[in-house]
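Here the structure comes first, spelled out in structure tokens, and everything after it is commentary.
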Amino acid sequence: MLAVCVLALVGTAVYRFVATVLTAAQISTAAERDRALDTAFAAYLRRQMLALSSRRAEAIHGEPHRFGGVSCDELRWIARPGSGLLTRHAAGEWNVTLTARQGDDGTYELGLRRQDVEARQTPGWLPLLPGVRGFEVRYFDAGRREWLEKWTEAQRLPALVRVKFWRAPALRPYEIVLPVSAKTPPRGGAA
């Protein structure tokens, strides 16, 4: 009887140990996946801000929004097919809007709304980051030396763009400060 009790205790201890190790591995894998998504998202935004043309009117535009107490700003820029649209199978220039939208389950996802500049097609949605609790964009005006929550300057670009987003269960936001290109496109073509 004593041997059976000891065996049961050892079995329970081994089961709890294995369950704890498997749970820790799942949490670690999910956290690593989220970090990789965040890093890839930051690299994508950095490339887009550096590809903006200062000669293009309204090359970048931003609007602050709050829905249900949640910051869900919009960042819009003009992109050409390729990495800006995340597809090569398109033609012309496109308005790309980075924003958060609420899903059917009540959580938000960060994604791109893409529509051709002439608005011939209905906007398409491309989800990028799930589980977003908020999304905030600020623009640094070098002339005024301050961060603005809205960018409406059609003829010039901000010096920097700061993007913050909150993902569950993290309490602190993931923050990216992006330099904006001041380059001009080559003659004879758009950027």
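What residues qualify as long-range amide H neighbours of Ala142, i.e. H under 5 Å apart, gap of 5 or more or another chain, H built at 1.01 Å from N?
Ala159
If packing is taken as the mean number of other Cβ atoms within 10 Å per residue, what is the order of 156-164, 173-181, highest first?
Packing proxy ranking, top to bottom: 156-164, 173-181.
According to the square roots a ≥ b ≥ c of the eigenvalues of the Cα gyration tensor, what is the shape class of the chain, taking rounded for a/c under 1.5, prolate for a/b larger than b/c otherwise, and oblate for the remainder?
Since a/c reaches 1.5 and a/b is larger than b/c, the shape of the chain is classed as prolate.
Which whole-Hz couplings ³J(HN,Hα) result when phi for each residue of the range 128-137 is put into the Karplus expression 6.51 cos²θ - 1.76 cosθ + 1.60, θ = phi - 60°, listed in order with x for Gly and Pro?
10, 10, x, x, 8, 9, x, 8, 10, 10
Give me the number: length gained by fully extending Ser181 to Ala40, i.e. 0.36 nm times residue separation minus the C-alpha to C-alpha distance, one decimal in nm.
Taking 0.36 nm per residue and subtracting the Cα distance, the gain is 48.8 nm.
Tell me what the chain gives for mean residue ellipticity at 222 nm when only DSSP H runs of n ≥ 4 count, each as -39,500 (n - 2.57), the sum divided by the residue total, rounded to 500 deg cm²/dmol.
-9500 deg cm²/dmol
Expressed as an acute angle from 0 to 90° and rounded to the nearest 10, what is the orientation of the C-alpha long axis of helix 2-50 relative to the principal long axis of the chain?
With both axes taken from Cα atoms, the answer is about 10 degrees.
Provide the packing ranking of 107-120, 15-28, i.e. peptides ordered by the mean count of other C-beta atoms within 10 Å per residue, highest first.
Highest mean packing first, the order is 107-120, 15-28.
Over the chain, with every protein chain in place, what whole percent of the accessible area is carbon and sulfur at 1.4 Å, could you tell me?
57
For the range 61-126, what does the accessible surface come to per residue with a 1.4 Å probe? Please give it in Å².
About 54 Å² of surface per residue is accessible.
Under 8 Å for C-alpha pairs, at least 6 residues apart: give me the relative contact order for the chain, rounded to a whole percent.
Reported relative contact order: 20 percent.
Counting Lys and Arg as +1 and Asp and Glu as -1, what is the net charge of the other residues whose Cβ lies under 11 Å from the Cβ of Trp125?
Counting the neighbours of Trp125, the net charge comes to +2.
The values are calculated or read from the model by the stated rules, or taken from the named source; none is laboratory data. Please read all numbers here as calculations on a predicted model, not as lab measurements. FYI the Cβ positions are ideal-geometry reconstructions off the backbone, even for glycines, and counts take in every protein chain you see. Note: accessible area is taken over every heavy atom of the protein model, side chains too, but ligands, DNA and RNA are not part of it. Shrake-Rupley method; radii C 1.70, N 1.55, O 1.52, S 1.80 Å.
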